[in-house]
Amino acid sequence: MFRLPLPCFSLFVLLLPLVFLCAASASDLQLQESTLNTARKLNLSNQDQWLYLNHYRNKPTTGKQESYIDDPEFFISPEGKYSSDKELSATINVFLNPESKNPKGEYYRCRYQARYQWLKQKLNLDIPFDIETRCALFNQWYSAINPGSVTLIYPTSYINSPSSMFGHTLLRIDPPSSQQQADLISWAINFGADVGANSEQDLFYAYKGLAGGYPGQFVIMPYHKKVKEYSKIENRDIWEYRLNLSQKETEFMVLHLWEINNSNFDYYYLDENCSFRLMELLDVARPSLHVSRAFPIIAIPNDTVRIVVESKLVKSKKYRPSSVNAIKKKLEQLENNEKRLTLQLTKDTSLLEDDNFKVLPADRQHLIIEAAYQHLRYQQLGKDRDRNSAQRSWKLLSALNKSGNDRGTPITPKPPVSPDLGHRSSAFSFSLGQVHENNFIGLKFRPAYHGLTDSQKGFLHGAEINFFDIGVRFFDDEKVKIDQFDLFKIISLSPRNQFFPEWSWKVSAGLEHVAANTSAFEREIFIDAGGGAAVELIDNHLSYGLFTARAEYNSDYSENIDILMGVEIGHLWYQRVGVFQLELRSQYMS
Amino acid sequence: MKKTILAAALSLSLAPLTAFAVAPGGSSCGWGNMLFDGQKGLGIHLIASLVNGTSGNASFGMTFGTNGCSTDGVLTYGGENLLQTSEFMDDIAHDIALGEGEALDALALLVGIAPEDRATFAQVTHENFQTIFPSAETKAEDVLKAIGEVMKTNEKLAKYVS
């Protein structure tokens, strides 16, 4: 670390020019001392910007300082992960010796540019180092990223995909506003678990994701790849929130991304996940935000988006419908006979020449062809290339091309309520009742996330996702009993029609009170699953029917475990004031 | 004449930067992608998407490369990496059929069309849909070649093609 003057003096006689180098090294020492002193006086190692740049926090269990970054290559000091102070000193030292390189052979000055920029401003550093010529890799990367502003991208959940249920967030870096924009080719920054190539064989996927078995990294890719992945293949709506981070703040964040390039973070599904990491990035760009501190326990993507809105970071919102929703919106504009034609057209493009079709006004023809094309492409998602279907798709595009000028004004459907305006994740509810002439007041707490009869604004119809729902009853005779504990409850009622023949299902497990003939307060452990279908024959009315199977356990039961099969039918009515549900269940013990 | 300097610079893979390291249309490249290609190989599995996972070669950390694909030859206009257009070629086809759209805008930006010529670009490509996409089996590299040819026939757009 320190360049001792001694070897220099011993060579003094032989190599006179070294005298000057040695003289320089003596004052280097002075500079080092004074810089470190200033840093100490200013308490830089405890300032928010430094803590955020290195992802430090005080671990809740021990109270000790520790960085979220799980990668020794990130830290300059061997104790950097546990000491912001030591990391700061080590950083200052390498900056004062700009020729120094890390073990991978990179110049520290090329790698840690965000740190340098901040320390330069705080300590009035002025160490010449020509980044233009010395940092080729960084320059190529940075000019390709071309940072100007940041957009928070929020792919919401898709009703039939349990893995998407909590949503996901990522960032998109947009070019400076003075330049032309094309979102599809801007770069998306995504934090996710590196699940490795053998993921399919890994039975403990979900468990590992929850328990931190995967390393997490930031990866970068063109935004069109993400649109294809989420909007098309996974059928998820995407909301884009353009943030008001300045160009300087955006540039600083991007400099930091280069610092953490290839660095491993622990990935924990619940708390140290994609959304939490993005909060940290926002805090790096603007430390006064402190958005990452709003999530000490769990980071649900929806809540992180809400915080960003509440922190007044959002300039504008844009809705990008999923393939399914885009098609549904198109179909809504068609009459029933036109819908039939659309479906037929996807199967047989010779219908384009049919008199029944040609007699329609040009703009109706155009709508039908467009809907048919999109639906045909939707059918091919997740499948290998099909020659026949490709041929039909091409024919439809050719027809679209020919009819292009007779379109009339396309109708832009009104976007749904954005998810940040939806209800919050936790809910309390209470009930009044009587069990065997014993009155009670019941209190329920649901930490996450959304129920069938919750306000539907900003959420999907027919979806329920609940975790750790707990209910307690306070009885007249002063007894307090837990009457319900849902480990999880997931319901997916997806309306089925000729275009989207989807199935509905539900699954839940937990502890529940049993209605029994005796006055004893009986509870059982259960696991429950059901499959069936739902239809929306009239707008805002969802009817559903499911076949169910259930296993119950109670030590007092004659055979301990009971298996029941049954049927469930229900109806949901969506109104502005709320959602009404009627459900009938019938179960038979086998 | 290779105007692929930027594209070559972006290639951070260890593949040698010789003229045709991998022929256009090679198996790992997008040039051979046909219109309406299947999307099975994207590997978005149910549980992988739970942890928003990546598996290996999707993108390496935050640097990016062209997977050793040659970006020569086809890119005789524009300096950007046009290889990525093979990934949303379907959207480009759709937008050209209509004469407008986000994918078309992205293509124009990559090719380097100035704002004042955008409308012409949209119109000319729209009118020449059949030339650019003669069949369902049109490959990405042929699409870009055809666009270049069509641009040459228009006095405003010819300057972008060399």
If a residue has to be of a type in the set (Gly, Ala, Ser) and open to solvent by less than 10 Å² (accessible area, probe 1.4 Å) to count, how many in the stretch A:286-299 make the cut?
1
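One line per residue, one yes/no per condition, for (1) open to solvent by less than 20 Å² (accessible area, probe 1.4 Å); (2) touching a helix residue (DSSP H, G or I) at 6+ places or on another chain (Cβ under 9 Å); (3) outside any loop (DSSP other than H, G, I, E, B); (4) farther than 16 Å from A:Tyr588 by Cα:
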site	(1), (2), (3), (4)
A:Leu487	no, no, yes, yes
A:Val507	no, yes, yes, yes
A:Glu512	no, no, yes, yes
A:Ala515	no, no, no, no
A:Ala520	no, no, no, yes
A:Ile527	no, no, yes, no
A:Ala534	yes, no, yes, yes
A:Phe547	no, no, yes, no
If A:Tyr378 satisfies all but one of (1) within 13 Å of another protein chain (Cβ to nearest Cβ); (2) over 30 Å from A:Gly458 (Cα atoms), what's the number of the condition it fails?
(2)
Can you name the residue in the stretch A:570-590 that is in a strand (DSSP E or B) and open to solvent by 90 Å² or more (accessible area, probe 1.4 Å) and, of all such residues, is modelled with the lowest pLDDT?
A:Met589
Report yes if some residue within the stretch A:164-184 is away from chain B (no Cβ under 12 Å), hydroxyl-bearing (Ser, Thr, Tyr), surrounded by 21 or more Cβ atoms within 10 Å (Cβ to Cβ) and at negative phi; otherwise report no.
no
In the stretch A:29-53, anything of a type outside the set (Gly, Ala, Ser), buried (at least 16 other Cβ atoms within 10 Å of the Cβ) and either in contact with an Asp or Glu (Cβ under 6 Å, 6 or more places away or on another chain) or farther than 19 Å from A:Pro287 by Cβ (or both) is listed as A:Gln32, A:Thr35, A:Leu36, A:Tyr52
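For (1) in contact with a Gly (Cβ under 7 Å, 6 or more places away or on another chain); (2) over 26 Å from A:Ile307 (Cβ atoms); (3) within 11 Å of chain B (Cβ to nearest Cβ); (4) open to solvent by 10 Å² or more (accessible area, probe 1.4 Å), each residue gets a yes or a no:
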residue: A:Ala136; (1), (2), (3), (4): no, yes, yes, yes
residue: A:Val150; (1), (2), (3), (4): no, no, no, no
residue: A:Tyr158; (1), (2), (3), (4): no, no, yes, yes
residue: A:Ser161; (1), (2), (3), (4): no, no, yes, yes
Are any residues in the stretch B:129-148 within 21 Å of B:Ile113 (Cα to Cα) and either more than 11 Å from the chain's Cα centre (by Cα) or facing chain A (nearest Cβ under 9 Å) (or both), and if so, which ones?
B:Phe129, B:Thr131, B:Ile132, B:Phe133, B:Ala146, B:Ile147, B:Gly148
Do you know which residues across the stretch A:454-475 are open to solvent by 70 Å² or more (accessible area, probe 1.4 Å) and either touching a Leu at 6+ places or on another chain (Cβ under 6 Å) or within 20 Å of A:Ser429 (Cβ to Cβ) (or both)?
A:Lys457, A:Phe468, A:Phe474
Taking the condition of being buried (at least 22 other Cβ atoms within 10 Å of the Cβ), facing chain A (nearest Cβ under 8 Å) and in contact (Cβ under 8 Å) with a residue 24 or more places away in the chain, how many residues in the stretch B:91-109 meet it?
3
Of the conditions (1) small (Gly, Ala, Ser); (2) closer than 29 Å to A:Ser84 by Cβ; (3) not in a helix (DSSP H, G or I), A:Ser177 satisfies every one except a single condition; which number is it?
(2)
Per the filter on the stretch B:141-156, residues over 25 Å from A:Ser403 (Cβ atoms) and touching an Asp or Glu at 6+ places or on another chain (Cβ under 9 Å) are B:Lys156
Scanning the stretch A:386-403 for residues that are within 8 Å of another protein chain (Cβ to nearest Cβ) and surrounded by fewer than 17 Cβ atoms within 10 Å (Cβ to Cβ), the one modelled with the highest pLDDT turns out to be A:Gln391
List the pairs whose first member sits in the stretch A:101-112 and is surrounded by fewer than 18 Cβ atoms within 10 Å (Cβ to Cβ), whose second member is not in a helix (DSSP H, G or I), and whose Cβ atoms are under 6 Å apart, counting only residues at least 6 apart or on separate chains?
A:Lys101/A:Tyr107
Residues being outside any strand (DSSP E or B) and open to solvent by 100 Å² or more (accessible area, probe 1.4 Å) - total across the stretch A:559-569:
1
Collect the residues in the stretch A:234-260 that are assigned to a strand (DSSP E or B) and within 14 Å of chain B (Cβ to nearest Cβ), keeping them in residue-number order.
A:Ile238, A:Glu240
Being over 30 Å from A:Leu343 (Cα atoms) and touching a residue at least 60 places away in the same chain (Cβ under 8 Å): is that true of A:Phe521 here?
yes
Only one residue in A:Pro78, A:Pro60 is within 28 Å of the chain's Cα centre (by Cα) and either more than 21 Å from A:Met279 (Cα to Cα) or open to solvent by 50 Å² or more (accessible area, probe 1.4 Å) (or both). Which one?
A:Pro60
From the list A:Ala197, A:Ala193, A:Ala206, exactly one residue is open to solvent by less than 20 Å² (accessible area, probe 1.4 Å), modelled with pLDDT under 90 and either at positive phi or hydrophobic (A, V, I, L, M, F, W, C) (or both). Which is it?
A:Ala193
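The values are calculated or read from the model by the stated rules, or taken from the named source; none is laboratory data. None of the values given here were measured: they were computed from a predicted structure. Cβ coordinates were reconstructed from backbone atoms using ideal geometry, including for glycine residues, and neighbour counts include every protein chain displayed. When the accessible area is computed, the model is the full protein with side chains, heavy atoms only, and any ligands, DNA or RNA have been set aside. Shrake-Rupley method; radii C 1.70, N 1.55, O 1.52, S 1.80 Å.
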